[in-house]
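The values are calculated or read from the model by the stated rules, or taken from the named source; none is laboratory data. Keep in mind it's a predicted model, so treat the numbers as computed, not measured. In this analysis, Cβ positions are derived from the backbone assuming ideal geometry, glycine residues included, and neighbour counts consider all displayed protein chains. For accessibility, only protein heavy atoms count, side chains too; no ligands or nucleic acids. Shrake-Rupley method; radii C 1.70, N 1.55, O 1.52, S 1.80 Å.
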Amino acid sequence: MAFSIHLTDSAIEDLDYFRKNERQIIADGIALFLTQDANVETRRRKPLRRNRLAQWELRIDDYRVFYDFEEGDAVKVVAVGHKEHNDLYIRGKKVEL
């Protein structure tokens, strides 16, 4: 199933935190892995336990894209972060899920 992708203002600010080449890697991953079958669990995509951030996570190397589903066939990207070992950082600040 095909999905359209929407980024929240907060997710855009998260992306702006990264360097240009990192933003390109993340944007390419979002386009590749979330436009088709975004609601199917794979090694890269997984549903998360209940948390305050999002329902699903996309893994792109050490980057994490957190997203929910909107009405119809739309994916809403709510946050973008970077994982170092077991720690998640969004805009350079450690975040707990």
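Just a few scattered comments:
- Theoretical FRET efficiency, 1/(1+(r/R0)^6), r = Cβ-Cβ of Asp73 and Glu96, R0 35 Å, to 0.05: 0.65
- Lysines with Cα under 20 Å of Lys93, excluding same-chain neighbours fewer than 8 positions away: Lys20, Lys83
- Taken about its Cα centre, the chain carries a charge dipole of roughly 360 debye when the Cβ of each Lys and Arg holds +1 and the Cβ of each Asp and Glu holds -1.
- Portion, in percent, of the accessible area of the chain that falls on carbon or sulfur, probe 1.4 Å: 44 percent
- Between the beta carbons of Asp28 and Arg52, assuming R0 = 41 Å, the FRET efficiency works out to 0.90 to the nearest 0.05.
- Positive-pole candidate from Asn21, His85, Ser4, dipole of the chain, charges at beta carbon: His85
- For a paramagnetic label modelled on Asn86 (point 7 Å from Cα along Cα→Cβ), amide N atoms under 19 Å away belong, within region 54-80, to 62-64.
- Each residue of region 58-72 was assigned a 3J(HN,Hα) from its phi angle through the Karplus expression (A = 6.51, B = -1.76, C = 1.60, θ = phi - 60°), giving 10, 9, 10, 6, 8, 9, 10, 10, 9, 8, 10, 10, 9, 4, x Hz with x at Gly and Pro.
- Relative to the longest principal axis of the Cα atoms of the chain, the long axis of helix 20-34 makes an angle of roughly 30 degrees.
- Label of the coordinate-derived value, Rg and Dmax of the Cα atoms in Å, listed as (i) 16.6, 47; (ii) 12.9, 37; (iii) 12.3, 36: (iii)
- Beta bridges per DSSP, both residues in the chain: antiparallel share near 85 percent.
- Summary of packing: across the peptides 75-86, 8-19, the per-residue average of other C-beta atoms within 10 Å ranks them, highest first, as 75-86, 8-19.
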